[in-house]
Amino acid sequence: MTAQAINQAERRSPAAMYTLLSVMFINMMGFGIVVPLLPFYGASFHAAPWQIALIFSGYAMGSFWGEPFWGRLSDQVGRKPILVWTLTANCLCYLGMAFAPNILIAFIIRFFGGMAAGNGSVIQGYIADVSPPEERAGRISRLGAAYNIGFIVGPFVGGSLAKPSLGHIGFQIPLLAASSLAACAALGVFLFVRESRERKPRGPQPSRWAMLGFAIRNPVIRPLILLTFAVGFAFAGIESVFPLWAHARFHWQPRQVGFCFGIAGLVSSPTQFFLTGVLSKRFGEARMLSIGMALAVVSLFLQPVIGDGGLITYALMAATALFTSIAFPNAGALISRSIGADHQGQVMGLNNAAGAFARFAGPQGAAIAFSLISLNAPYFMAALIIAPAIYLALAAGKAAGARMQA
């Protein structure tokens, strides 16, 4: 981008950011309605635990293919049209899930819903387009705050609307609500979000494999992609198994599970919105990434040890979300500093694809640990997997510092 274009982007970035945050909150509220209910939705088909985990994983499998594809396409045709298309498709997939006749069809719909929802790289690319480098960690964290606020409201709404006693039909109302919210988000992008990229002819984009080779050779991006995979594997596993774990240990129902997810979002959202960017500016992105991961390991380890089905369980769940919210936006900010403006979406897409693949594998790993080892095994496994991420964050920060000094 030219200096004039950068100045124009920075002048319009606050309005663009807050408009995008509002729209993403609406979309995430719909997502939040559905996620805590999925284990019970799967059980309404009399599905086994591995099939319930597959419903979670199907979404991530779709995102694995969607993230690099949409990110690369948005580098070519612009961010706004891709957001409109993907949000509209997500609306239709929620609608399809409401009337799915069996677990196989539900999995297929969930896969395509995940592919449509694999637009995180497009959103991150938009933020990079309109933000100076030193502001990106804070703005990415604000996007995470909008997601979490949606997760505060969504689970409460989903838990209230769901009627498990009615069987499968008892989940249609929350799914229809999620579909309506996705439609509102698509309309909001169409009406109010301005395109962030200049309209000009572009040369052919490198293939996914060429950019993957670039990412593997890059000393900053490589450890961050590994970190994204480790963190995604661990937390997706815990997220998918938590309702089953809480039900087995404390006899929780959808309302209590939704309340716990809501509390976690309520605690972490103000931190992401007001504190993450400030801490990253003061102490450095890599340092805050490693500190947050270390604290998350502690909270994950303590949950099965001292969790009591009451205040301590809620507090540890909230602490895990809080520490992750402090840490993880810094990974995207570090990546965005290491790539050119014309490839932001594509490289962010590769990183998000690593996270999506982890979210496919994580629930399967957690389900195996939960079923074959012990109820608490998924938590200990997650803590052991995240621990190396501390080193990866420090390695990426060291490489980034060396590149800036060169």
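No value in this document is a laboratory result; all are computed from the given coordinates. None of these values were measured; they are calculated from a predicted model. Cβ placement follows ideal geometry from the backbone for every residue including glycine, while neighbour counts extend to all protein chains displayed.
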Completion exercise
Quick shape check on the stretch 287-346: root eigenvalues a ≥ b ≥ c of the Cα gyration tensor, a/c under 1.5 is rounded, otherwise prolate if a/b tops b/c, else oblate, and it reads prolate
Completion exercise
For the chain, longest principal axis from Cα atoms; helix 172-192 axis from its Cα atoms; angle between them, nearest 10 degrees, is 10 degrees
Fill in the blank from the handout: Yeah, the stretch 142-195 with a ≥ b ≥ c from its alpha-carbon gyration tensor (a/c under 1.5 is rounded, else prolate when a/b outruns b/c, oblate otherwise) is oblate
Problem - Cα long-axis angle, helix 208-217 against the chain (0 to 90 degrees, to the nearest 10) - result: 80 degrees
Problem - Centre separation in Å (Cα based) which lies between the stretch 357-406 and the stretch 110-136 - result: 22 Å
Practice task
Using just the alpha carbons, could you tell me how many Å³ per residue the convex hull of the stretch 328-383 encloses?
Solution key: 72 Å³
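Of I82, I216, I109, how do they rank once you tally other Cβ atoms within 10 Å and put the fewest first? Could the numbers behind the result be given before it?
Values: I82 26, I216 11, I109 23.
Starting with the residue having the fewest Cβ neighbours, the order is I216, I109, I82.
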Exercise for the section: Kindly provide log₁₀ I(q)/I(0) values, in the same order as q = 0.12 Å⁻¹, from the Debye equation applied to equal alpha-carbon scatterers of the chain. Expected result: -0.90
Practice task
With an 8 Å cut-off on Cα pairs and a minimum separation of 6 or more residues, tell me the relative contact order of the chain in percent.
Solution key: 29 percent
Fill in the blank from the handout: Tilt, helix 79-98 to longest principal axis of the chain (alpha-carbon atoms), in degrees rounded to tens, equals 10 degrees
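To the nearest 500 deg cm²/dmol, what mean residue ellipticity at 222 nm is calculated for the chain from DSSP H runs of n ≥ 4 alone, each contributing -39,500 (n - 2.57), summed and divided by the residues?
-27500 deg cm²/dmol
Please say if the stretch 46-99 is rounded, prolate or oblate, where rounded means a/c under 1.5 for a ≥ b ≥ c the square roots of the C-alpha gyration tensor eigenvalues, and otherwise the choice is prolate for a/b larger than b/c and oblate otherwise?
oblate
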Fill in the blank from the handout: Listing V23, V193 by rising number of other beta-carbon atoms within 10 angstrom, fewest first, gives V193, V23
Problem - Relative counts (whole %) of C-alpha pair distances in the stretch 265-305, using bins that are 5 Å wide - result: 5, 20, 21, 27, 16, 7, 3, 0
Handout entry: Long-range Cα-Cα pairs in the stretch 67-168 (distance over 23 Å), rounded percent
Key = 42 percent
